[in-house]
Every structure is written in C-alpha cells, then in structure tokens.
Amino acid sequence: MTAPLPPGIQLEKADDRIMTLNVGPQHPGSGHMRLIIKVDGDYIVSCDPDPGYVHRGEEKMAEYRNYIQNIPHLERPVIHDSCNILYPYCLAVEDLLGIEVPERAKYIRVIASELNRCVYTLYWLAIYGIFLGHSTMFMWPAGDREFCIDLLEAMSGARVTHSYFVPGGVRNDVPANFEERCLRQIDYFEKRLKQYEDIFYQNPVLKQRTEGTGVLSRMDAIRLGTTGSVLRSAGVDFDIRKKEPYDVYDNLDFQTQVLKEGDSYARSRVPYLDMLESCRIIKDALRKMPKSGSVRTKLKPNPKGGNEEAYRRVESGRGSLGMYVVSDGKPEPYRVKISVGSFRNLICMPYLLKGEKLGNMPAVYWSLNYWPVEADR
Amino acid sequence: MSSIAPEFRLSRFVASLTDIIFWVVVIFTLIGLPIVLILLFYIQLPVINDKLLTPYLALTWLADPSRTLPIVKSLIHTDFFRITTFPGFGFAALLAAGTIFIERKLLAKMQLRVGPLYCGKIEGILQLMGDGLKLISKEIIIPAKADKPIFWAAPLLFVGTAAAFISLIPVAPGWVVADVDVGLLAVFAVIGFFPIITLLSSWSANSKFPFIGGIRALHQMVSFEIPLILSLLGIVILAGTLNLTEIVESQQHYWWIIFMPIGAIVFFTTILAELERIPFDLPEAESEIVAGWLTEFSGMMYGLVQLGSYLKLYAFAALFTVLFLGGWNGPMVWPPFPQEIITEGIKMGPITLHVPGLPLLDQEMLNGTLWFTIKTVGVILVILIPRGVFPRIRIDLLLHTGWYKLIGLSFVNIFIALTLVYAGVLGPGGLIQ
Amino acid sequence: MHRFLYSPTGFLATLVGEVAGSFSPVLLMFGFAIVATAPALILSRMIAPRRRSNPVKFLPMECGQVPSGEGRTHFMMQYYAYVLMFVVFDVMSIFLYAWGSTLLNLPKSATLPIIAFLGIMFASFAFSLYQSGRRNIW
Amino acid sequence: MSNELIEFVLVSVALLAIGIYGLAVKRNAIRMLFAIEMIVNAANLNVVAFSRFIPNSQGQTLALFSIAIAAAEVAVGLALIIVAYRMYKNIDIADFRSLKG
Amino acid sequence: MSSEKTTDEKSIETVGTKPEVAKKEIIPVIEPKFEKSLAEKVVSKFGTIVTIGFIKPNRIRINTKKENILDVATFIRDELNFDHAESVTGVDYPKSKEIEVVYHLGSYTEPQLAKQVLTLATRIPREDIPNPGKDSTRMPSLRDVFYSVEFHERECFEMLGVYFEGHPDNRRLLLPEDWADIPPFRKDFNIKGR
Amino acid sequence: MSSAWGIIRALNSGVKHLAVKRFTLRYPEEKLKFVGDGFQFDPQTGVGIAGLKGRHILFHDKCTGCQLCAIACEGIAEAIAMVKVNETWKHNKKTIMPQIDYGKCVFCGLCVDACPFYALYMTNDYELSSFSKEALIYTPSQLAVNPKVNQDVEIKIDERGATHG
Amino acid sequence: MADAVFLAISVLTIGSAIASLEVRSMIYGSISLMVTLAGVAGFFLLLDAPFVAMFQISVYVGSIAVLILFTVMLVRRELLFHKIEDPRRRYAGIGLMIVIMLGIGTIIIGSGIKSMEVDAPSVDFKEIGKDFLTYYSPALVVMGLILASAVIGALTLARREDVTNEQRTD
C-alpha cells in the first residue's frame, strides 16, 4: 500500500535535495501534532505523523470513575463536539445497565447532537478557511457558530462543555420557548450557510487549489478503514445514522451526503452538506418531538453494570465514534475504549500527502477532518 | 520568575529614556552641529526678495510672522522637502499608515466584526501607533547562526528600495522627487531589487522556513515581472514616452484604462503578486511555511518590513493611477486662491495685513494632489478587497497563471495598442486627439 | 516642465550632468529612507529588553523541535526553469521597450524585424514553457 | 560633461585587468563567471564612453546587444555549472577535466 | 430502541471471556438469525478453534487462539466480507495473567453487514514485569489482513506492551519519546493519587 | 470563463457583506442574556431545570453538610471541599458546608445534581476572574451571596442580518 | 565635485570587483559583483546613457544577479568557502593584472584620446530604438536567435533526467 510518487521525484537517497521539515507542534499549519515531512523541492516525499502531544489518557482515567462521574471528563477530547462523544458512551452504558430512555429525551438528544455537529463543523471549517489563507472564511463560521452555541447554551447551560447527556436521558429539559427560538435561529443559520457557497465553495481559486489534490479512491478509503466525511467523499454511502439508527434517527427525514471525487474539495464539502442536512434534521425533530414528558430515567446512586461488554457507535462530526465499555460488575467500568474517527483517518495522512506539493499540505491535512485532541484522547 | 520576566519599572524606563536623550544631545552637539555648520558653507542658499537667505536672516524673519511665509515657501520648493515630506517619504508613509487602518477596518466589516476599537477612543484610530510602540519595545531576536550583516540590513534595504520606488512617482504637476526621462525603466530597475533583498534576507536567517519562503518569493516576483513589464508596453506605445510625468500629461482627455482594460487587469494582478498579497501571499503562507521569509524577523525589524511593504503597496497603487487612471488629471474642484488677498492683503476690520509669499501652493498642484490621492486610495481599496474574498493560491498554479495566462493577455494588450496606432485611431494624426 | 526654484540636486546636475543629476534624488530618497528608519531599530535595540539567559531562544524556528540539519541546504524547487527563462525573457521585454517608445516615430517597415524577433521569441517561449511545464525532469 | 574620456577608459582597463586576473587565477567556476562578467562590462563601459564622446547612438546600441548576450551567456553558463555540480558534486574547474566525452 | 433489545436478549454464552467474575443470571434470549448464520459460518469452517463469545443484535463476538487469528481474520475478510477494523483494543486481566486483544471489524462494501460489528478477540500471555517487544506478550499482526489496523496496533503496542509480529512499524505513537515506565494501560499502572 | 464568473460572484458576495450588520458582541459593555436564573435541579423528578451553569449559590438554610456534592466532585474536579462554618443550623449538625475552588471547577453541575436538599444551585454569574489563585476559592459565606447581573442583550434577527443587541 | 562623484563610483566599482573575486563567502562575492555592475550603471549615467544604465540595472542586477545568487545557494555550503589556490599561480595572476593595467594604461594615456573632450548634447535614447529597427534590424533578429538558443540550451542542460542513477562519489 504505497502512494505513487510523481515520476522524477526521488525517494530518500544520499542527496542534498531532500529537506526535512517539522510541521508542528508549534506551527500555524498544524494542530497539536507534528508532521515530519521530507520535501524534494516542492514535492513531499514522505510524511510521518507524530501525534500524542495532547494525550491525556482518558481511557485510563475512565477506569477510576463511576459511570456518571465519567461524563464531564469523557467529553474533554472533543469539547466542540461534546454531545456526540458522550452519545455512544451513554448508549453503551444504557446497554450495560439496562435502562430505557424516555421518548422526549431521545429527540432532545438528537437535536443537541445535531447542533453540536454544526458547532464542530463550523469550527473545523473556520480553520480550513484560514489554512487556505481565506480569512473571511475563518471569521464567518466562527461568528455563525454562535447561533448554535447560543441554542446549546439555552438547552444545557454551558457554551462548550455541556455535560448534557447522561445514561438514561439528558440532564434537564429544554426551556419554555425553546422551539420557536430554535426554529428562528436555525432558519437564519441555514440562510447564512448558503452564503458560504459564493465566497468559498464556488470560489474558482479554491476549486483550482483543492480539486484533484489528495485523491483517495473508493477502494483505498475502504481498505484504510476511513470514516465519516473522508469515507463519504470517496463515494461510499455509509452513515451510521442511516445504517444503524440509534435513538430516533430512523423516524427522521434526512439523507446521507455522498460525493464521488474523493479529493480535498469533496472532503471539505461533505461536512458542509452535512450541516445543511443537520438543519433539516433539527427542524424535523422539533416537529415530531413529544411536547411534554420525562427526559431522564432516574438512576440509583452508583449504578453497577453487569458482567458484560458493549460496543456502540454513533456518527459524530468526524465520522464513526465508537465506545467499547467492558464492565465487571463494579460501579466503575473495567475498560473503556474510545474508537474515534480522527484516529482512524490519521492513517490516510502519510498515504495522501506522499507525492503532494507542499502547498497542498494544509489543504489535504485539514480536509481529513482530523481533530488532534480527539485522536490522542 | 524574575530572571525570565522582571517587572516593568517606570523609574528604570524613565532613566533609560533620559539616558538616550542625554546621549543624543551630546552626540548632536559634538558631531551634528559642526557638520551642519560646515554644510551651511557649501549649500547654495536660496534668494528671497533679492536677498540671500542666510541663517541669520532666516532667524530674524522667523520672528516676523508676515515674513515667515516666503521662507516656508522657499523651503517647500527644495528637494529636501520633496524627499522628506510631500511627494516623498512623509506623504507615502502617511498614506501607508492610513492604508493599514483602512485595511483592518474594511476587512473587519467584510468579516462581520469590528476591528480595532479601543485604542484612541474613536474606532481604534491610534491602533497603529500602539502597534508601533509595541514593536519598538520588543526584543529583537537574531537566530544564532544567522548572517548578521545581511540580516540587519535587509529590512532597511527593503524600506529604502520602496522609498526609491516612491521617488519616481509624479503626484502633481511638477511635483515629483526624481523626474527621470526613462522613468518607467527606472521603475523596473527598482522593482528588480526586491527579489534580491528577499532572497538574501531569507538566506541569512539560516532557517528552513524562511529559506523556502524566500525561494518562493523569488519565483513569484520573477515570474510576475515579465507580465508587469509587458502589460505596460501598450501605454508606452500609445504615449510615445517613458517619462511618467509625460505619460500623465498624455491622459488629459482620456485615461488609458479605456483603451487598455486588459492591460490594466494584467497589471493589477501582477501588482497583487509583487506585493505578496492574498491570493498571492505564498511567500508568507502561514499554514505551510510558518511565516515564510518573515519568520525570523522579530520586533522592529518585522515592523520595518511591514512598513516597507505598505510603502510598496502605495507605490504600486500610485503607479497604477499614474499609468492607467490619468494621475492628477481631473476637473478643477479646488477653489482658486482669492486674488484680492495677494493684491490687497487680508482685511481684518480696520487693519489690512499684507502677507508676502501667498499663495503658498498653486491651485493646480492642490487640485492635482486631491485627484491623485482620491484615485490612489481607490486603487488601494481595490487592492485590499481580495484579501477578504480569495484563498491563497498554490505555487504551481501561480506560476502557471503568470507565465501562461498573463503573458498571453499582455501580448493581446500590445496588439490592441498596435491596432489602435496602425488603424489610425490614436497616435499622431489619429481620430481622437 | 516646472523647474525647481532651489534644489541641491539641481546644483548636482550642473556638476554630474543633466541625466545623472535627474537620477540623484532616487539615491537620496533611498538614503533618506534608511536614515529615517534606522533610528527605529537603534531605539528598539536601546529600549527593548535583551536577555541571553536561554540559548534555546536563539535557535532558528523549527516548530518547537531542536533544529535538524542545515538551514541553508541544497534546495531546489521544481520551478528553477522559470528563473532561467526569466533571465532571457526579461531581456526580451525590455528590448521591446526600445521599440515601443519610438514606435510612433518609426517607419512602417520597421514592423517586420520586430515581427521576426517576436516570432523567434514566441517559438522559444513555447518550447521553454513546454520544458518547464514537465515537472518530472526538474 | 566635465569628465574626460580617458578616465572612463582607465576604469574599464582596470576592470578588464581584474577580470583577466580572475580568469587566470580562480578555479571556482562561478568565480570565473564573475570574471567574465567583469570583462564584458569593461567592454561595455568602453563602448558607451566612446559613443558619448563621438556623439552617436550606435555605441549604446552595441552595449545593449552586449548586455543581452551576456544575460544569455550567464543563463547557459550557470546551467552548465549546475550540470557539472550534479555530476561531480564540485564546482572546481580542475575536477571537470574528465568532462570529455 | 436499542436499549430495549439488549435488555431482553442477553447472551448465554460467555465462554472464556470473563473467567474471574461470577456469571450473572441467565436471561432467555432469541438469537438474531442473520448474526447467527454469520457465526455459524465461522464455526463450521474452524470448528473448535473458535468459540462464539456472544451473539446479540448487530454484535457478534468470536474468540480464538492467537496462533489461529491470522487464518480466522483472513476467512472473515474473504468470506464474510468484513473489510476494515474499527478499533483494536487491549484489555488487561492481571488475575488470569492474560491480555485480551479485541478487534472490532466492520464492513463498508456489503450493505447487509453495515450495521454488524464483529468482535474478534484473542488472549495472549502477560508478564508481571513487562518488557515491551522482548517478552512473550506477542501475537501476529493483522496488518496484512486489515490494513486499517496499522496505527491501532501501534497504539496497542505502546499502551499495553503487546508486540505485533510482522508489523512493519512498531514505533512509539502517542507516548513521549522518553517514556520509561510500564505500559500505561495495564492494570498495575496506577494513576497518581488513586 | 466560468472562473471569471466565479471570481465576480465571490467579489460581489464579499462586497455585499460590507452592508450586513456586524454580529460581534462588545463584551464588557454588553452582556448576553441567558435563559432563566441558572441551572437548578429537582431531586424529586431527577431532572434539572435549564439555565446557565455559572457560579454556585449555596442556601445556608438548606445545606445539611451531607458532603454529597463533594463526593460527586471527587472524581471530576476535586473542587469542592467541606469546611467548618461558624453558623449554627439545626439541620446542619456537623456545621460543615462546601467551599468551591473555581480554579478547579469545570462547571459540569453534577454537584447540583447530587444535592437532595435544594441547597446548591448555579447562577448566571460567570465573571470570576481574579489576580490570584486564592481569590478563586469561594467560602460558603461568599457562595451565599446572590450575584448581581445585568445581562440584557439578545440575538436579533432581521433583514440586514443577525446581531447582538 | 564631479570628480568626487566619479572617483567614488570608480573606487566602489573596482573595489567591489576585487572583493567579488577575493571574498571568502560566495554570497558576499555575488553581492560585490552586484555592486560592481551597479557601479558600471552609474558610469553609464555619467555618460548620459540612461536607457543603457537602466537596462544594465534591470538585467544585470534584477535578473542575472538573482540567478547567480540562486545558483550559489544551490551549491553546497562547504564548497562555497572551499578555496584551493596555488600561491604561485596567484602571484603570477597579480603580476599579469598589473602588467595589463600598466601596459594598456600607458598605451592609452600616450594615445590621442586624452584630448578628446566634447560638449555636444547627449544622444536621445529614442535613437537607440530607431537604430535597432532600421540599420541593425538583422542584428536584432540574430539577437532573437541567440536568446532563443540560450534559453533552449539552458533548459536542456539544467534539467535532471539522468540524475536518478547518479551516486555521490565523495
């Protein structure tokens, strides 16, 4: 499995032409990670990702805390997508503890997780904009993100780290006039999203720059085990919300966004289309949500899981996010494994960057929808 | 903690300031004054009202306010004034500073934010001054293995070259620092220095990212210099001269942009590339190569490079105005100086004050400056807007644009000019004249 | 043409000749800009703190890692051909100025040699663009 | 014009002599290129100086041709040096002796 | 919806998965048909080499020995069309001196299998004083079968000290270069203050 | 040609936004309005009441010193410590009450969930910055003070764009 | 005064010409060469040939110096400071230089051009364009051919098709 190099570009050899560049960790073009890049002139000969700068051992920490106390710190890897990273944990723990979730809570969960997907994707898009030198595309999503953050804050009481989902439902009910406010803001937000087309997605400079770069073919996407927008931009129709619907996703009306090209442009466009789809889901969920009812199943203090294991996955902003929880009958989980999309997409990086031009490095790197903190856990 | 960042002490700061002032005074009195006195013997002194303006006479006249104006007028018409203040460095630096403020505010508006706000009470108008103070008080760090002479000289040379470029721009009739017969060629010669300075500074830092940035800058500037040169050939053909003042004077009735929009577009694109502005800011692409050739510059060195690049921005915008938008040409909107003040003096009730030396500046010049400034600021605005609209381009696409599209378009422009000449539309004996 | 009322460079022009005199303000402006901005550097050097406690501070930028290898290496981009081309076509384009500035005074027959010149240059331009466009050989 | 022709000619002679010295002594290919440039410039200076003192334009024309050809020569020369450097990893003229064939 | 099913249908078989913990009460379950057919395919091919851990809706667990894991994985990839690994997990069982390595396999190509996650688990010996890469805690790498496990196995190696034989790139991934302690995800590595 | 059209569209879009209202909130002068008075919890239904998770407020007349909040916090941030108070309450035999270190608190609100006596709520006050670490530790008497907040800016959406205030 | 300017430029030119050959660092040598060429341009200005002077600056300083600098940076660093010179050869070279200077200098000073001094107005640069396209038009075409062959030759030489199986010998 090696990516082809353009003809005439040398592989590593005893030659002066090869220059080693450390991209990161203190680099405006990398997150909290390092890419060791070898360039021959303008072409990247090899790329070796070196993550781990923000590794904090969440999985180990989870073994020392009970099922409820795990909630605030398990969302730390992706504080911009904190609802979605708690979602599989809650589902898995509900499996282990045998709890049923009230119907209204399911809808609230869906709304919160879709809003959070927008929050994450806009943050990601903002950084994608500034990576490509488009400062307006940095400011607009960062500003429009506030719509979703305000809604989430009205729901959960916190702007970023919500700690909103718990096994058995959600922490609190939505406020009184939430639905009309949500509808109004989401309508405007959708309008704003459509304005990104002109200045960013249909911008010929951007298209020239990203189309045809870092192409991941369908077969490679499957073999490399990619997920999320990387997979769907390569033409594989796989969305866990459709394929393995959790909570109430099977009742809702939405489509999976799939593009065929597999290049940086398609990879950057799929999350954007997903955001538009999220708006649809939120509106639909608001319509179908039961108007009243309980939102949380009461748990015993220190609930104990059975002697079994559960693996549940959801579709987060970066793709499939799985939680593998092993219980041994104690209040604390025996082992928690977080299988994150970022880490699964990391494997593409050396493959895609090999043979690319140095100028494409940020475009390809960030289009992989990679969140360093999440990948390190 | 104190070894890393000792607290700011006002007393120490004041002491250092007084130290500096003391040494400046000492050095000036010991070295500067003798030089000034010696120079006074050799400088040809102006003649005002049939009297040679000796320093003594100047001092006596300064005491009499009605006589200061001739001195000021004579000073205004010296080359020293031209170089330092009006068409030269001061004017350009003022416009450059304005450009920085306008850029930040305009970009902020386009991005739905506020921009500088607090510094200077009114919409952050003193932000630039604050930034300058900050840069001056920052430590200058030079990498260990850097080539120190080149590294120190590069920012200064950059500013100097930009200033030399400015000296060639005519602002108003007769108001140009250097009125050169082959002005346009001189412009090309001056532009040719920028890639060298960039390359040398990037080389001298002994760091990888500046080196890559410098090489990119070299490729970019070099590739866009040919379309830049070729796109102006049409104007030279039609105007029949290389002197920038004469080119402006040839546009009294119509601007060259009317006949050569293609040339204007090509020239504008090359301006963006030569200035390293988005979408062509590859040498400073921060997500790929940290800050390109500016990576190792810190403190005031960075400030000087920024000053140089904004001076360069002004110079290119002014060149665009001069070549395509008719320079200072425009309807006379400046009110004429009231004639009776010159002949009869200013009447203030019973007293009539006779002021010799009025008008200080003639109406043509003020009107020309007004038009020139308006047009230049307009061009600067147009140069600033792409920064909010376009992402950065890639280097191979950039070179492709430069070598394939822009050179082709500039040849199209040349052929348009030739057609206009040979079809008898323009030129000697043409239809429009 | 407006003459200067009083100008040291006008005085220079009588000494070094009209042409060199008209160019001298360019040099003077160059010098003045350096003289006017150098105090900023000197002042900064005097005011700003200078601490040499940590030698790591003076390492070249390498994204937080200890620099590996030389900063000035044998580094060649795949676009070296464009620099070579620039040298030749820069000459060509300035040659065209000698023609363009006098075009209005030239006889019509003078177009022929310039067409021949341009034709040759176009041919070589096309060839060199083809060559430099082949990235794999650079 | 207050300078005399002889002064310019003497400067050009000095440049020529330095160029010849460089060609004779230096073995570094790039330095030899520098020396060649100096000789060419000495010739240009001479030509332009004479054309100024016999007032006609042909000397300047010749100088323009000469500069253009020098540019072409430098392009080819540097390309040659790069090829030689690639083959021998050196730019010392003495090492290029095996360049035949 | 999902919690409903899992509470009702729990597996009877927990063969060899958790030896040190007592079994809970047995709930009668209806095994899902499709999942069962998949599991039966594996069992019919390999017989006693493999054991079925459990069969739940959308989840199958297959336990095997480390000597046979390459064959089983190849069979699962070729015959059952599971084409990628979602994660590689190591679970440390210090009481039985074993480390369980769990592969979660999924499929993108087969629409039927989209919701299935096949859990392939194996147990390898564990040493009290670990010496990652040089002791008996090793197993064959599945990188040639599922390319996507490359980074996951690297992580598993550094976090649990499981050496994967045949992996081309057994280097550090997440931990700092100067990490000299025991692999941190083992149970005998304790967080400070806990 | 299409690329030229795209460039014009992008420029047009950029220039049009010069007329769109700014979204920025000028923070110290304007403060965003929140829903409700803060996050509260109803132990009987086991469900919280929506609100901002800001600084806590402790009702001394309800706190029994049961330490449940401290136990809940133990695995999360270890921000809550039980300290002696000089007050005497009938229901608080041990005369201990929570003291919260906001240098550690993550504002998850699980302590509020843990309190079965309606004694600990969260308020809309989020401006807690101080110059020293010690000032971030809020004693029970400091926690009892009801914060004064004037937050009155809301998102307004109209034809010329959305804006804060 | 004019002599002072002339003297300054000639000292600058000749001094930097010597420096460009003798400075250890090749980068500084290139910069000195740039100064030499700019000094020659200054002479052209003194000779009332602004077109040639500007051509000199924009071609020599603007492009040739850039190319030289760039090529110098491509060559490995230790080679740039590496200087093997035969001292005897060096003295012979200096001797040759002095002989040429003195010999040609005496010849020139002895010849009649010392008396040549002219007050005629300088030639307008537009004459050059006319020359190019009328009398020297065949030369212009040949010039084009030379430039074309130069760019083709340089591009053909500098590419590196055959370099893949090259190994470093030292």
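Just so it is clear, none of the values below were taken in a lab; they were calculated from the coordinates. The model shown is predicted, which means the values in this text are computed figures rather than measured ones. Backbone-built Cβ (ideal geometry, glycine too); neighbour counts: all protein chains shown.
Brief remarks follow.
- Residue exposure sequence - G:Y136, B:Y314 - by fewest surrounding Cβ within 10 Å: G:Y136, B:Y314
- Seen against the Cα atoms of chain F and their longest principal axis, helix F:2-16 is set at about 60 degrees.
- Efficiency of FRET from Cβ geometry, G:D124 and B:I31, R₀ 56 Å, rounded to 0.05: 0.80
- Value of [θ]222 nm, deg cm²/dmol, for chain F, DSSP H segments ≥ 4, -39500 (n - 2.57) each, nearest 500: -5000 deg cm²/dmol
- Taking Cβ separations below 4.7 Å as the criterion for a possible disulfide partner, the isolated cysteines in chain F are F:C63, F:C66, F:C73, F:C105, F:C108, F:C115.
- Here the alpha carbons of chain A define both size measures, Rg and Dmax, at 21.1, 72 Å.
- Scanning residues 5 or more positions from F:H56 or on other chains, those with amide H under 5 Å from its amide H are F:T123, with H placed 1.01 Å from N in the peptide plane.
- Least to most buried among F:V20, C:V26, F:V149, A:V314 (fewest other Cβ within 10 Å first): F:V20, F:V149, C:V26, A:V314
- Mean per-residue shielding of peptide F:147-155 is 1, counting Cβ atoms of other chains within 10 Å of each Cβ.
- Amide hydrogen neighbours beyond the local backbone of A:V166, cut-off 5 Å, H modeled: A:R171
- B:W334 sits among other residues whose Cβ lies under 11 Å from its own Cβ, and their net charge, with Lys and Arg +1 and Asp and Glu -1, is -2.
- Estimated from the Cβ-Cβ distance and a Förster radius of 56 angstrom, the FRET efficiency linking A:Y64 and F:K21 is about 0.70.
- Each label point was placed 7 Å from the Cα along the Cα-to-Cβ direction; for B:W23 and C:Y130 their separation is 6.5 nm.
- Per-residue ellipticity at 222 nm from helix content only, as computed over chain A with -39500 (n - 2.57) for each DSSP H run of at least four residues, stands at -13000 deg cm²/dmol.
- Computed over neighbours whose Cβ is under 11 Å from that of A:Y265, the net charge equals +1, Lys and Arg +1, Asp and Glu -1.
- Tail weight of P(r) past 56 Å, computed on alpha-carbon pairs of the protein assembly as shown, percent: 37 percent
- Residue by residue along C:45-56, Cβ atoms of other protein chains within 10 Å of the local Cβ number 4 on average.
- At least 30 Å along the helix axis (C-alpha) and Kyte average at least -1.0, DSSP helices within chain A: A:103-131, A:135-156, A:264-288
- Residue-averaged beta-carbon neighbours from other chains (10 angstrom radius) around D:36-48: 5
- Calculated diffusion of the stretch E:83-194, Stokes-Einstein form, Kirkwood radius summed over Cα pairs, 37 °C and 0.692 mPa s, µm²/s: 222 µm²/s
- Cα gyration tensor shape for the stretch D:5-99, rounded if a/c is under 1.5, else prolate or oblate: oblate
- Highest-first arrangement of B:222-231, E:165-174, where packing means the average Cβ count within 10 Å: B:222-231, E:165-174
- GNM flexibility winner over chain B from B:P34, B:P335, B:P195 (Cα, springs under 10 Å): B:P34
- Taking Lys and Arg as +1 and Asp and Glu as -1, the other residues whose beta-carbon sits under 12 Å from that of A:S217 total 0.
- Highest-MSF residue in chain F out of F:Y27, F:Y102, F:Y138 [GNM, Cα springs under 10 Å]: F:Y27
- Modelled spin labels at C:R51 and G:Y28, positioned 7 Å past Cα toward Cβ, are 3.4 nm from each other.
- Helix-only [θ]222 nm of chain B, DSSP H runs n ≥ 4, -39500 (n - 2.57) each, per residue, nearest 500: -19000 deg cm²/dmol
- Across the stretch G:51-56, computed HN-Hα scalar couplings (Karplus, 6.51 cos²θ - 1.76 cosθ + 1.60, θ = phi - 60°) run 4, 5, 5, 5, 4, 4 Hz from first to last residue, x flagging Gly and Pro.
- Residues whose amide H comes within less than 5 Å of that of A:L35, counting only those at least five positions distant or on another chain, are A:V23, A:G24, A:D50 (H built at 1.01 Å from N in the peptide plane).
- A protection proxy built from the mean count of other Cβ atoms within 10 Å ranks the segments A:302-308, A:123-129, most packed first, as A:123-129, A:302-308.
- Most mobile listed residue (B:M365, B:M260, B:M348) in chain B, GNM with C-alpha springs under 10 Å: B:M348
- Here E:T64, A:T136 are placed in order of increasing Cβ neighbour count within 10 Å, fewest first, which gives E:T64, A:T136.
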